[in-house]
Every structure is written in structure tokens, then in C-alpha cells.
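Asker: Below is a structure I'd like to ask you about.
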Amino acid sequence: MSNLEKRAVDASAAYLCSKGYDVLDVLDGNEAVKIVARDNDTDETVFVSVQLRQRASDAEPAQPQRAEYEAEACEWLADHGNLGKCRFDAVLLTVAGDGRALLRHHINCLGTF
């Protein structure tokens, strides 16, 4: 993971914490899911994809396919146990310059499973 990607994941985790989520895990090696969190408002385990654009004019990054999300979520759940309802979110960061980025949080982007 590049330094910029790590900063994007760290910023996304901080954002989720500011919204009342508990970050349970940050996953370096995964392709789709980068953060596992607990949404305390809905009592759901949330598997979060973090996507990064260098400039606003860049095309939106390709969203991981459902199969990738589900495989990584199932692997994590197998290691950590079933934590009830789950959902998939995506965070898209667009670099705005000077260490700033625009962040969009797409809640339940694939539906529940």
C-alpha cells in the first residue's frame, strides 16, 4: 500500500470514528475491504472499501465486485466470529491538494447479506 493510500485509509477510519463508528480492524492486504467497523447506530458490522482519486477530473475508480467484498468479509468473519447484521460501505476520497481531500461515504452500497 502506497503512502497516499495509507493516508486515505487512515483519513477514512478517522472520519468513521467521528461519525460514531468503532473501527474494529484495518486490513492492509485486502483488495476490496480496507476497514471493518461497527456502526453503533444500526448495530451492524460494516465492511468498508476505500477508493482514491488523484484529481477530480480523473474517472471514478472501479468499484470492487460483490464477490470480492463478500469473499473478504467471509474470511474476516471466519476469523472473528459472526457479529450480527453486516453491510458494505464505500468511501471515495478525491485529493483536493495541500493535504486535503473531498470525502464521500456511500452507506450500504451493495445491500445487506
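FYI, it's all coordinate maths here, none of it is from the lab. Since the model is a prediction, treat every value here as computed from it, not as a measurement. Every residue, glycine as well, gets a Cβ built from its backbone with ideal geometry; the counts of neighbours run over all protein chains shown.
Asker: Would you pull out the residues with amide H under 5 Å of Lys34's amide H, same chain only if 5 or more places away, H placed 1.01 Å from N?
Answerer: When sequence neighbours closer than 5 places are left aside, the close amide H contacts are Val48, Ser49, Val50.
Asker: So how long is each side of the chain along the principal axes, counting just the alpha-carbon atoms, biggest first, in Å?
Answerer: The Cα atoms of the chain stretch 40, 28, 23 Å along the principal axes, largest first.
Asker: Next question. So how far apart, in nm, are the two label points at Asp10 and Asp41 if each is 7 Å from Cα heading toward Cβ?
Answerer: So the label points at Asp10 and Asp41 sit 2.7 nm apart.
Asker: Okay, helix-only estimate at 222 nm for the chain: each DSSP H run of n ≥ 4 adds -39500 (n - 2.57), divide by all residues, round to 500 deg cm²/dmol; what do you get?
Answerer: Theoretical 222 nm ellipticity from helices: -9000 deg cm²/dmol.
Asker: Given +1 on the Cβ of Lys and Arg, -1 on the Cβ of Asp and Glu, and no further charges, what dipole in debye does the chain carry about its Cα centre, rounded to the nearest 20?
Answerer: It comes to approximately 440 debye.
Asker: Here's a follow-up. Taking θ = phi - 60°, what integer Hz values does the Karplus form 6.51 cos²θ - 1.76 cosθ + 1.60 yield along region 18-23, in sequence order, with x for Gly and Pro?
Answerer: Here the 3J(HN,Hα) series is 5, 8, x, 7, 9, 7 Hz.
Asker: Per-residue HN-Hα couplings for region 43-54, Karplus 6.51 cos²θ - 1.76 cosθ + 1.60 at θ = phi - 60°, whole Hz, x for Gly and Pro?
Answerer: 6, 10, 7, 10, 9, 10, 8, 10, 10, 10, 10, 6
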